[in-house]
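Below is one structure, written out as structure tokens; comments come after it.
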Amino acid sequence: MKMRKVLSLTLAAATCLTMSAGAFAEEVDSEAYYAKSTEIYNEVLGEFYDAYMTAKEADTVSEKFALMAVAEAKLMESAVMLPTSTPGGMYAISRVVPFSNSSVLWGNDWERYYSRLITTEPIKSEDRAEMKAKWYEVKGTGTYNEWAKGYLEEKGYTLKDTYSIGYSSDPATWDVLATSRAADSEAIINTYDGLLEYDNENVLQPALATSCEVSEDGLTYTLKIREGVEWVDSQGRKVDDVTADDFVAGMQHMMDAQGGLEYLVQGVIVNANEYINGEITDFAEVGVKAVDDYTLEYTLEAPCTYFTTMFGYGVFAPMSREYYESQGGKFGLEYDASAADYTYGKDANSIAYCGPYLVTNSTAKNTIVFKANESYWNKDAVNVKTLTWLYNDGSDVTKAYNDMKAGVIDGCNLNSSTLEIAVEDGWFDQYHYVSDTNATSYMGFYNLNRNAFANVADPTTVVSPQTEDDAARTNAALMNVHFRRAISFAADRGAYNAQTVGEDLKYTSLRNSYTPWNFVTLEEDVTIDINGTETTFPAGTNYGVIMQAQIDADGVAIKAYDPTADGGNGSGDGYDGWYNVENAVAELEIAIEELAAEGIVIDEANPIYIDLPTPMNSEVYVNQKNAYKQSVEASLGGKVIVNLVECVDYNEWYYAGYYTDYGYEANYDMYDLSGWGPDYGDPSTYLDTFLPDFAGYMVKCIGIF
């Protein structure tokens, strides 16, 4: 990975990682930092790692899923992060027809907007409910969209070919192969097609690949590439034909750029890991090749049951080799994104397009406009001819609702302020619905190795109020698992969530684990060891049931799955399975006793301070952080104080943690902006993000690697 390569070079040169850290400005010695990261990982996440490695050796898919659930139980018990919520579960009003584009739980296909059906007026609540019921009835038949068009006409709706939404973060790059940030991929996904893509009924369909054959041993995937597809520039002028080599070029560039998602193919595609780590330099040795102009072949290290579920994702995106080189791009050891003549992906005019849209306007913190690509191979399927993104900095909590009513944007969620307005003006009763939740899990991460006490990007911003003694005490406390559990159990997540979704729905979008409880189910009966007891889980058992069995056996007071939730149907979402003042106090008492042995006194006169970056430009988020602060401080009797550290805008908030690349840059004790959405249909898409040695993308959020 990029982080691994940079660090190994730094270690070899025996230099230091320079970091400005406000009052604690210093240089971070890279060798010492790596050693400290490894020490913390082994102490805090060693049980998780051992259990996860055991799961990876399982003989069957179902046994693997069961053992991964055990590993995740260990991850949750470590309390290095507190699950907060998942997107959705909010009151909303929209002109978008439900299920008119993909709703699959992993990858980016749900962000391909071209197939969406948009009405000129908001869709009434009862009509939306009827359409959703129909989708579940006909799912997989390929008939829903045409049925929906007829239904809408019968009900008096008019469809339009424009769609406008709000957005809050500009793409930092337009190179989809060199990024792992959602703000980038959400935009770029609309400029290219993948090999296979999930349709609006969540069926995997041919896209740039017309067929896919798998060898009997499961190691070779042979795909036929669609002929006649063109690459064009931002003006719609042809620059190349799409061929099998574009997927080879794209894969090599992705491994060269190492934008953070290359781990998806490490250990999966032959020699991907070796190329990424620099052990081999000849890309011809990597298991991806163009057999001829329109035949693409992938060779795997071992059978991978979820391989095709990744084909619509950015790491498998094609790239025109000729166009890339015309923008100063090079491959292998010659790759240098900092070169003066390297312009690829710097803006929307420096990429080639083979997807449904061309970007015709991209003005930072203002507007992004996508226009239908007239050369698109599947242009008859494009329902939205003009897709417009309009920037919203969040300072006006009523802006999205007012813009939605005026037709400036085509839908919005209702926050606690606009919900009241919508009720008063009658729009709530007529048009409201509860938006679906998805598989993205937002978490509150605890920094176990804090080095930054101001934003690295600008050390004059988001400056911690802590003294050096405060910081040392906080670090020692956060290294104690009972302290981490105490502050996790002390947070009233319902009150926290109510600030964004309203009191009525404060539990609807709460998540209680990292991997959603129902992400996978067992395909066959499985017997595994739970703390010395052979335990059988029947076919059809959800992942969360097994996770909870291990948590219960370990005696940790987390309810990641509750069989009584959802009206007795059982669920891992929709309730608060962490908040419990009695449990919080009990865990804090253990932490106080253990920390006292280290010479650290914790009481009302000597509290532990927790820095939580807070965007002061947003009334909703300020209220949310205050709800967190009030519940933690009240639950723990003032022995823990939460500092709401000022971020003047979203940009400073993002740079406190979301935009960081290494753990030593993380400027917080607790940070609740980041989360993870799945890249493919296997729990490892979540659990791999907590691997050590710079392999896990999210471990940086806890201050290591």
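The values are calculated or read from the model by the stated rules, or taken from the named source; none is laboratory data. All values reported here derive from a predicted model rather than from experimental measurement. No Cβ is skipped: glycine too gets one built from the backbone with ideal geometry, and neighbour counts run over all protein chains shown.
Things worth noting here:
- Positions within segment 317-338 being surrounded by 21 or more Cβ atoms within 10 Å (Cβ to Cβ) and assigned to a loop (DSSP other than H, G, I, E, B), in sequence order: ALA317, PRO318, MET319, SER320, GLY329
- Test for ILE546: is it more than 19 Å from ALA79 (Cβ to Cβ), in contact with a helix residue (DSSP H, G or I) (Cβ under 6 Å, 6 or more places away or on another chain), in contact (Cβ under 8 Å) with a residue 24 or more places away in the chain and part of a helix (DSSP H, G or I): yes
- Qualifying positions in segment 687-705 - of a type in the set (Phe, Trp, Tyr) and at pLDDT below 95: PHE694, TYR697
- For segment 651-669, a residue qualifies if it is part of a helix (DSSP H, G or I) and either of a type in the set (Lys, Arg) or within 11 Å of CYS701 (Cα to Cα) (or both), and the qualifying residues are ALA656, GLY657, TYR658, GLY663, TYR664, GLU665.
- Within segment 465-487, being among the charged types (D, E, K, R) and in contact (Cβ under 8 Å) with a residue 24 or more places away in the chain holds for GLU468, ASP470, ARG473, ARG484, ARG485.
- Among the residues of segment 564-599, the ones that are without any contact (Cβ under 8 Å) to a residue 12 or more places away in the chain and outside any helix (DSSP H, G or I) come to 4 in all.
- Yes/no for GLU633 being acidic (Asp, Glu) and in a helix (DSSP H, G or I): yes
- So THR141, is it out of contact with any strand residue (DSSP E or B) (no Cβ under 7 Å at 6 or more places or on another chain), surrounded by fewer than 15 Cβ atoms within 10 Å (Cβ to Cβ), more than 20 Å from ASN108 (Cβ to Cβ) and in contact (Cβ under 8 Å) with a residue 12 or more places away in the chain: yes
- Hits in segment 307-362 - residues which are modelled with pLDDT under 95, in contact with a helix residue (DSSP H, G or I) (Cβ under 8 Å, 6 or more places away or on another chain) and among the aromatic types (Phe, Trp, Tyr): TYR313
- Taking the numbered list (1) surrounded by 19 or more Cβ atoms within 10 Å (Cβ to Cβ); (2) closer than 23 Å to TRP676 by Cα in turn, THR305 passes all entries but (1).
- Being within 29 Å of TYR664 (Cβ to Cβ), surrounded by fewer than 22 Cβ atoms within 10 Å (Cβ to Cβ) and in contact with a strand residue (DSSP E or B) (Cβ under 6 Å, 6 or more places away or on another chain) holds for only one residue in THR440, THR467, and it is THR440.
- Residue within segment 677-693 that is in contact with a strand residue (DSSP E or B) (Cβ under 8 Å, 6 or more places away or on another chain), assigned to a helix (DSSP H, G or I), surrounded by fewer than 20 Cβ atoms within 10 Å (Cβ to Cβ) and assigned by TED's automatic domain parsing to the domain that holds SER618 present: yes
- Taking every residue in segment 640-660 that is among the hydroxyl-bearing types (Ser, Thr, Tyr) and pairing it with any residue that is assigned to a strand (DSSP E or B), at least 6 positions away or on another chain, the pairs with Cβ-Cβ distances below 6 Å are TYR650/PRO615.
- Qualifying residue in segment 188-204 (condition: surrounded by fewer than 16 Cβ atoms within 10 Å (Cβ to Cβ), within 26 Å of GLU262 (Cβ to Cβ) and assigned by TED's automatic domain parsing to the domain that holds SER103): no
- Flag if ALA51 is surrounded by 19 or more Cβ atoms within 10 Å (Cβ to Cβ) and without any contact (Cβ under 8 Å) to a residue 24 or more places away in the chain: yes
- Lone unmet requirement of (1) within 29 Å of the chain's Cα centre (by Cα); (2) surrounded by 13 or more Cβ atoms within 10 Å (Cβ to Cβ); (3) part of a helix (DSSP H, G or I) for SER103: (3)
- The set of residues from segment 106-122 being more than 19 Å from the chain's Cα centre (by Cα) and not in a loop (DSSP other than H, G, I, E, B) comprises ILE118, THR119.
- The set of residues in segment 518-543 that are of a type outside the set (D, E, K, R) and part of a strand (DSSP E or B) comprises THR521, VAL526, THR527, ILE528, ILE530, THR533, THR535, THR536, PHE537, ASN542.
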